1. Would you please give the FRET efficiency between B:Phe366 and B:Ala313, computed as 1/(1 + (r/R0)^6) with r the Cβ-Cβ distance and R0 = 30 Å, to the nearest 0.05?
2. By what distance, in whole Å, do the Cα atoms of chain B stretch along each of the three principal axes, largest value first?
3. Expected output is a single nm value to one decimal: the length gained when fully extending between B:Asn199 and B:Leu357, i.e. 0.36 nm times separation in residues minus the C-alpha distance. What is it?
4. Roughly how many Å is it from the Cα centre of the stretch B:375-413 to that of the stretch B:275-296, as a whole number?
5. Got the relative contact order for chain C handy, in percent, Cα pairs under 8 Å and 6 or more residues apart?
6. Once you charge only the Cβ atoms, +1 for Lys and Arg and -1 for Asp and Glu, what is the size of the charge dipole of chain C about its Cα centre, to the nearest 20 debye?
7. Could you compute the net charge surrounding A:Trp155? Neighbours are other residues with a C-beta less than 13 Å from the C-beta of A:Trp155; K and R count +1, D and E count -1.
8. Of A:Leu244, C:Ala213, A:Thr120, whose Cα points farthest to the positive end of the dipole of the protein assembly as shown (charges on the beta-carbon: +1 Lys, Arg; -1 Asp, Glu; origin at the Cα centre)?
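Please treat every number below as a calculation from the coordinates, not as lab data. Since the structure is predicted, the reported quantities are computational estimates derived from the model, not experimental observations. Neighbour counts are summed over all protein chains in view; Cβ atoms, including those assigned to glycine, are modelled from backbone coordinates with ideal geometry.
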Amino acid sequence: MDNTALFTANNLWMMICTGLVFFMHLGFSFLEIGLTRQKNTVNILFKNFFVITIGLIMYALGGFNLMYPGFEEGSAGFLKFAGFGIAPPDGGMTAEYASAGYTWWTDFLFQGMFAATAATIVSGAVAERIKLNSFMIFTMIYVGLVYPLIGSWKWGGGFLDSLGFYDFAGSTLVHSVGGWAALVGVYLLGARIGKFDSNGKSNAIPGHNLPLAAAGVLILWLGWFGFNGGSVLSADPELTSLTLVTTCLAAAAGGISSSFVSNLMYKNYDLTMFMNGVLGGLVGITAGADQMGPLDSILIGIIAGVIIVFGIALIDKLKLDDPVGAIAVHLICGVWGTLAVGIFGAMASFEQTIIQLIGILIVGGFSVISSLIIFFVIKKTIGLRVEKEEEIKGLDMAEHGMASYADFRLNQN
Amino acid sequence: MDNTALFTANNLWMMICTGLVFFMHLGFSFLEIGLTRQKNTVNILFKNFFVITIGLIMYALGGFNLMYPGFEEGSAGFLKFAGFGIAPPDGGMTAEYASAGYTWWTDFLFQGMFAATAATIVSGAVAERIKLNSFMIFTMIYVGLVYPLIGSWKWGGGFLDSLGFYDFAGSTLVHSVGGWAALVGVYLLGARIGKFDSNGKSNAIPGHNLPLAAAGVLILWLGWFGFNGGSVLSADPELTSLTLVTTCLAAAAGGISSSFVSNLMYKNYDLTMFMNGVLGGLVGITAGADQMGPLDSILIGIIAGVIIVFGIALIDKLKLDDPVGAIAVHLICGVWGTLAVGIFGAMASFEQTIIQLIGILIVGGFSVISSLIIFFVIKKTIGLRVEKEEEIKGLDMAEHGMASYADFRLNQN
Amino acid sequence: MDNTALFTANNLWMMICTGLVFFMHLGFSFLEIGLTRQKNTVNILFKNFFVITIGLIMYALGGFNLMYPGFEEGSAGFLKFAGFGIAPPDGGMTAEYASAGYTWWTDFLFQGMFAATAATIVSGAVAERIKLNSFMIFTMIYVGLVYPLIGSWKWGGGFLDSLGFYDFAGSTLVHSVGGWAALVGVYLLGARIGKFDSNGKSNAIPGHNLPLAAAGVLILWLGWFGFNGGSVLSADPELTSLTLVTTCLAAAAGGISSSFVSNLMYKNYDLTMFMNGVLGGLVGITAGADQMGPLDSILIGIIAGVIIVFGIALIDKLKLDDPVGAIAVHLICGVWGTLAVGIFGAMASFEQTIIQLIGILIVGGFSVISSLIIFFVIKKTIGLRVEKEEEIKGLDMAEHGMASYADFRLNQN
């Protein structure tokens, strides 16, 4: 068939993007451990390993079929994916998939990597005081049920899609879904011991490894090549390459903007602001990465960078303790990026902005309510937060009995 | 020609997979240094750099032609590859290669990256007490001769291939070949000072950098996209994407399984068990990654995770000192994965299981005997193990005169 | 159209190579911080983030159009790229681009990633004593004007191209352009306090994190798959795969050679020499990676490895203080690689060697003069070097008020 080569190239691109989105889990891991204290490092790594592994298993057992109920009418359904033997109908290339540009297998794996991301966002915000068991239970429910259900409303062809809501790669459907749960978690958990003193003054709690945090941001940026580039759902040369350009320009502009603004406000060159500005730009462009031109992208990134600086200050002022800045990056910039689709680029119109706002509110409301219910039930049963002594000692020893750098020594020679 | 686009896409996929397998060397490096003591870090990194560089050179000088003697009858042969000038016959696209889906150059480089892997597996197991010179000599012989010779029996179209032995991407031909040599090396070297006390009690020797070890596992997982995905030897959409799905599900299931079982047994959430479970799942799926369905892969991964927990305990009970768990991961799970081809998936049959067992025994026997001879001759001539004082001081100062974190300070501000 | 699949595959390869060149910025970051002292880590990371972000923005605002003035006659021009709305003429696929094998967007992003590299090379050499503001100003001018102007002489179809000068992927146009500026910067800045004592004796100043430095080198090697492989400007199977083979063999040979020679000279196995030998081999093959055979590449790498050992000694003897060895790697091996095009491989001839030499001198002269002017003006106005107390205290606290490992502790358990 003449289309074999094109299908092969499209599927190939989607597999690469799948690998890149998977690699984001290393980026998140590095970012989270780098910006937190050493005594909780093993715990955070364990959580990250849990999220990516259980995320894929949950998505195979049910999430995939829940999120795309319209596909594969004859064969799919809850608990159907992982029940197959060697081959799905037509070896993963039913008529629907042959026209889609990638196989059923690729579709599952790309979407499965996305699903795990939402929970990872929560992981950073609730770090350094959440109980491991409680986080694991939350993750299984949020990744296995809440995320795919919300996703089905838009990407599964549901009512948000019919409404005209646009979210190219998930400023709302991934980043805000994670961000809202992060906000709820942070609110219910309360601040880490020592974060706010009795007068309400906020104390900076510096992270233990900025090189790894910085590496995490660069790895996440690279991963976004796949996150946004793969959301084209084919290797279409014009759309994929435009998407990479807008993604990179927004990231660059976000970093420049946040470092410049934070330097104006606080009179120093703050590396973590630079890093969060890059991430803010990336989240901000995600909803409309295929709808913007270069200048639009730079402007979206610049605004995201400003939002990061003021957003982090606002969250601190509200006495919310988010160790890694996840709420400002994923929630606030996720909202901004979703609105930006109505303001900049090819789809800009007042009507679209209103539709975007409606989508933001519906998804936000559902995310808040569902995460509130899950976290609340956990809190009332097994509890959300570790004991005070465990928090002071650190979760690595308290929950794992392991130190992250057990043999580290100085002045070796 | 109509096939140009398809050939280009196929070759492109193989080049990407080559890059991913290369990247596994960073994964192995991080894993090995992370799980060992700081005083041997420079030494391990040096060994890893040596393995990848000399591995490629040896493969160019002879290994490639030794492993694929049937290819390019007219032109190839021992010491032929690197002897060429600018172009091989037809610019790397002889008739044989044109139908294969990739060029002669791609074939060499992909297989060359594989070759270096076998020696890297040994590196971790013998770490912290082997002499650098001795390891380098072993590597040159094992990568340059033993690995390609064994590979030729199956992948080069030799007698194991005729027998019906199946090993898709090398559970046996790569991982066990490395694993058997690791076992022999560990046995001949003896345990590190302090690992087993006079009563035979085993002492845990914790690693110095779990964040890098965890990063190593995630990088290896990503690298396996290329290791298994590239073993399709084309970008065939159905087979490559199925392979990535089975690879990722086995990795996820292996991690969940080993962390769950080790929690049942030892009552704590052990991050290194989680990590080794992921790796065990990856090694376990490697032999049959293109023959399994999702559920098969999850089951193979779960069993690999259980094997890891008990395998590591067994090796410890046998007074074998394997600092990174390489024998459990690469040897035992390699054997398991090879057998699993006869038990699960499209090829499952009693006969196949027997054939798999025969292949395991033949390759195992040859690997053990050849590594025994090489290590024994080295031991009797220049010696295998460093002096006691050098081991206590650490190989970084003893063999390299360098410290891994020479300028590291606390409380900088 | 029958060509759609081929165009898609070509563009796809170029996008992947773009991602890999982007990823080199993590490699450079790790290498630079790993080989320098801990007290300047945040500063170096900040510089690296600045280079990649401002580099992309400057390239969008003007550099791209400056470098390729001949393209897109009707639409392009200074400040034109980022001025576009959603779509350039024909969605990034004008007639010129349709025949080129990739879209306008891909072209911009791939070249933009290259542009930032030149400044990153300077960053390492001037580390630990340059003022942040001064470095940022230099970067903006060098990346925004000097680099694209020089690039236009060859890759933009200018007079060096007409002359027959050959530089496949930038041994001269990228690496030497960065290397010459590094040399000028190092000369004008002077050595770090304590590097040379009053008798002129050179003191080694060890880096603080060799594991990250080693990771940086492996990441850079992977990035070179894109740097050289993408310079084919299509996914042409023969040329891209040949290029990857020559690139990897030169890297391997460079590492083996430099570690062997440095062991002969200094009687120890020096990991940083091994690492710089790999990088020297990579820079050395870059100018002719598509013109060499395997044996040529190995020889070019071996010579590059020897150059590294003696080059680093020479620079030290000249009392030039280059903390990461950037001048030996990027300048000297860049010159060597450019000359090697006339000595080895398909283009070897005496005439070509002379043309290569002319190109080296012209580019070198212009790079030296322009970086001398920029650095000199900065020195006379805001100053180049930090205060003595700031240098002793470290740039992290002096310029950023942040410590790189603020919460790092020993003996956590």
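1. Values: r = 28 Å, r/R0 = 0.94.
With a Förster radius of 30 Å, E is 0.60.
2. 67, 51, 47
3. 53.1 nm is the gain from fully extending B:Asn199 to B:Leu357.
4. 36 Å
5. Details: 766 pairs, mean separation 100.2, N = 413.
Answer for chain C is 24 percent.
6. Numbers: 19 positive and 27 negative charges, 312 e Å.
My answer is approximately 1500 debye.
7. Values: positive: A:Lys154; negative: A:Asp107, A:Asp161, A:Asp167.
The answer is -2.
8. Sorting the options by dipole projection puts first C:Ala213.
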